[in-house]
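Report on the structure given below.
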Amino acid sequence: MARTTPHDHPPAEEEPLYRRIATQLLGELRDGRIPPGERLPGERRLAEHFGVSRETVRQALELLRRDGLVATDRRGSHATLPGLPVETPASLAFPVGAAAATPGTVARATVTWETPPPGHAEALGLAPGRPTLVHNYRYATADGRGLRSAVTSFSAVALAEVEELARYRDRADGTATAHLRRAYDWMRRAGLTLHHRDAITRLASTPSVRVTRQVHDQYARPLEITDLVVDAQQGALVYEFTLPGRAD
């Protein structure tokens with residue numbers, strides 16, 4: 001008989017709380033936010049993250065241990081299930097123009113569930129005033145130069161088709177760090193063919209440029225729109241990406 005895990009059973013109201021927490025934690029392990037072998041946050045942090053007691057977290061971890069998905073040793077608990085490959089240069093980074101964090105820089109990415117910025121709703125086919133998942137990204141050097149800020153709004157299609165994105169709705173309070181670097185890989189893994197349209201314009205009377213990206217699938221359904229503003233006074237804007245043939 002095949003062995004089942006918490007993830008194989010959809011949460012139900014009568015399901016014990018610890019099993020629902022185990023299912024949520026397993027989802028975060030499987031989408032790569034906690035890579036295999038990396039230590040899980042401590043019980044206290046997990047309890048705060050999921051809004052439950054430490055005892056509930058202990059029961060959830062024990063369930064995952066019994067299924068062989070989490071192991072505990074002297075270093076603490078860590079994931080053991082096969083993980084997603086680490087992001088490589090062949091993967092298109094999200095959001096467009098995101099810069100890798102280096103010493104002396106500040107990068108911040110969060111998500112909210114709110115009405116998207118003007119123009120985004122129309123581009124995504126959303127009714128006026130309808131909220132959606134909005135991703136905010138900000139990057140700058142310690143002295144405030146090299147600033148990049150991006151706002152991305154996702155469509156109802158993207159949230160319905162891409163499980164990893166949909167998981168963010170319940171915790172999109174604008175405070176927790178959002179790890180959406182693999183968003184385009186998630187979309188492709190969901191069977192969507194991505195078509196990108198990018199426009200680069202210079203902002204009047206400023207040294208900055210705006211990059212607007214719109215992404216549609218193979219059925220011309222909108223998936224996301226991103227507005228990125230880049231402080232270009234430090235040099236040329238290098239805009240380069242490669243679309244891999246498939247997402248593993």
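The values are calculated or read from the model by the stated rules, or taken from the named source; none is laboratory data. Bear in mind the structure is a predicted one, so any value in this text is a computation, not a measurement. Keep in mind that these areas ignore ligands, DNA and RNA; they rest on the heavy atoms of the full protein, side chains included. Shrake-Rupley method; radii C 1.70, N 1.55, O 1.52, S 1.80 Å.
Here's the yes/no breakdown for (1) at pLDDT below 85; (2) on the phi < 0 side of the Ramachandran plot; (3) open to solvent by less than 70 Å² (accessible area, probe 1.4 Å):
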site: Glu161; (1), (2), (3): no, yes, no
site: Asp185; (1), (2), (3): yes, yes, yes
site: His216; (1), (2), (3): no, yes, yes
site: Glu240; (1), (2), (3): yes, yes, no
Quiz item: Are any of the residues in region 174-184 under 17 Å from Asp217 (Cα atoms) and of a type in the set (Lys, Arg)?
Solution: yes
Practice problem: Could you check Ala98 against (1) open to solvent by less than 50 Å² (accessible area, probe 1.4 Å); (2) modelled with pLDDT of 80 or more; (3) under 18 Å from the mean Cα position of the chain (by Cα) and say which number it fails? | Solution: (2)
Quiz prompt | Members of region 195-211 found to be of a type outside the set (S, T, N, Q), farther than 22 Å from Pro222 by Cα and open to solvent by less than 90 Å² (accessible area, probe 1.4 Å), listed by number | solution = Leu203, Ala204, Pro207, Val209
